[in-house]
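Colleague: I am attaching a structure below and will ask some questions about it afterwards.
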Amino acid sequence: MSKHPREELTFLMIKPDGVRRGLTGEIVRRLEQVGLKIVALEMQRPSRKQVDEHYPKSKAWIERLGEKTLATYAKYGYDAKAELGTAQPAKLGTMVRGWLMNFMTSAPVVIMAIKGVHAVSMVRKLAGNTMPADAPLGTIRGDFSVDSAAVANREKRAVYNLVHASETEGEARHEIKHWFGKSVIHDYGRTDDEVFR
Ligand code: ADP
């Protein structure tokens with residue numbers, strides 16, 4: 001039999017902007033409030049190597065970053081070539097990845113392993129859209145930020161969107177191992193789970 005849906009694990013990181021704005025407690029509260037279980041939690045100051053190994057290097061992923069700039073620029077009527085010197089997704093994506101490295105190493109981050117029913121999609125739902133300006137109110141990004149690629153790229157930086165959350169269970173396994181290494185992932189029963197048993 002496949003594993004119980006309650007056993008799904010995901011990874012969430014409070015990025016430097018979330019830590020520096022004092023939003024750690026609020027973000028933890030939101031995760032716990034929906035019934036997700038935090039099974040590991042730690043503050044770390046990431047090295048460039050750790051961040052470089054965290055974000056994919058594939059052409060497809062880098063182009064996707066560039067596409068996010070192009071989509072935002074198109075939405076607000078900005079010209080990527082005029083502002084950033086290129087409108088090629090791969091080149092834009094490479095620029096963005098560089099800014100992301102600077103941002104993610106600029107202050108400590110808080111990392112968490114989270115367990116619970118549909119943990120991966122629940123945590124992505126709580127986080128909201130990558131671009132905070134497009135994230136619905138009620139989500140972490142939508143409630144506490146108003147950034148977008150249009151502002152960030154003009155200022156030659158990554159979008160400040162408070163959290164990173166794994167997209168798939170495979171990515172979560174990889175990220176938990178990458179960031180926690182040999183640290184223990186704890187487990188315990190949440191009393192509210194017992195209501196459903
Ligand atoms: P998500 O974090 O929502 O999974 P991505 O994996 O696409 O989003 O991007 C990784 C991170 O890179 C984002 O969270 C954001 O901080 C930053 N980012 C993505 N696209 C852009 C962009 N076009 N300009 C600036 N920063 C970006």
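Colleague: At most 13 other Cβ atoms within 10 Å and a DSSP loop assignment: could you name the trypsin sites (Lys or Arg not before Pro) in region 131-168 that fit?
Modeller: Loop-located and lightly packed - K156.
Colleague: Ok, one more. Can you sort H164, H4 by 1.4 Å-probe accessible area, starting with the largest?
Modeller: The most accessible residue leads, giving H4, H164.
Colleague: Now a separate question. M112: accessible area at probe 1.4 Å, nearest 10 Å²?
Modeller: M112 exposes around 0 Å² with every protein chain in place.
Colleague: To continue, here is another question. DSSP loop GluC sites (Glu not before Pro) in region 11-71 with at most 10 other Cβ atoms within 10 Å of their Cβ, which ones?
Modeller: For GluC sites (Glu not before Pro) across region 11-71 that sit outside H, G, I, E and B with at most 10 neighbouring Cβ atoms in 10 Å, the list is empty.
Colleague: I'd like the projected area of region 58-106, averaged over all directions, using the convex hull of its alpha carbons. Report it in nm² with one decimal.
Modeller: Result: 3.5 nm².
Colleague: Counting only helical runs of four or more DSSP H residues, what would the 222 nm mean residue ellipticity of the chain come to if each run contributes -39,500 (n - 2.57) and the total is spread over all its residues?
Modeller: That comes out to -13500 deg cm²/dmol.
Colleague: While we're here: Going through region 101-193, which chymotrypsin sites (Phe, Trp or Tyr not before Pro) have at most 15 other Cβ atoms within 10 Å and a DSSP loop state?
Modeller: The qualifying sites are Y188.
Colleague: Accessible area per residue of region 58-106 at 1.4 Å probe, in Å²?
Modeller: For region 58-106, the per-residue accessible area is 51 Å².
Colleague: In addition: Could you list log10 I(q)/I(0) for region 111-197 at q = 0.10, 0.11, 0.18, 0.19 Å⁻¹, which the Debye formula gives when each Cα is one point scatterer?
Modeller: -0.35, -0.42, -0.91, -0.97
Colleague: Counting only protein chains, not ligands or nucleic acids, how are R20, R97 ordered by accessible area (probe 1.4 Å), most first?
Modeller: So the residues, ranked largest to smallest area, are R20, R97.
Colleague: Ok, one more. Across the chain, what fraction of all alpha-carbon pairs, as a whole percent, falls in each successive 10 Å bin from zero upward?
Modeller: Pairs per bin, as whole percents: 9, 34, 36, 16, 5, 1.
Colleague: Work out which helices of the chain, taken as complete DSSP H runs, extend at least 27 Å along their axis over the Cα atoms and score a mean Kyte-Doolittle of 1.6 or more, then list them.
Modeller: What comes out of the filter, once short or polar helices are dropped, is none.
The values are calculated or read from the model by the stated rules, or taken from the named source; none is laboratory data. A quick note: this is a predicted structure, and the numbers were derived from the prediction, not measured. Every residue, glycine as well, gets a Cβ built from its backbone with ideal geometry; the counts of neighbours run over all protein chains shown. To get the accessible areas, we keep the full protein, side chains included, count just its heavy atoms, and leave off ligands, DNA and RNA. Shrake-Rupley method; radii C 1.70, N 1.55, O 1.52, S 1.80 Å.
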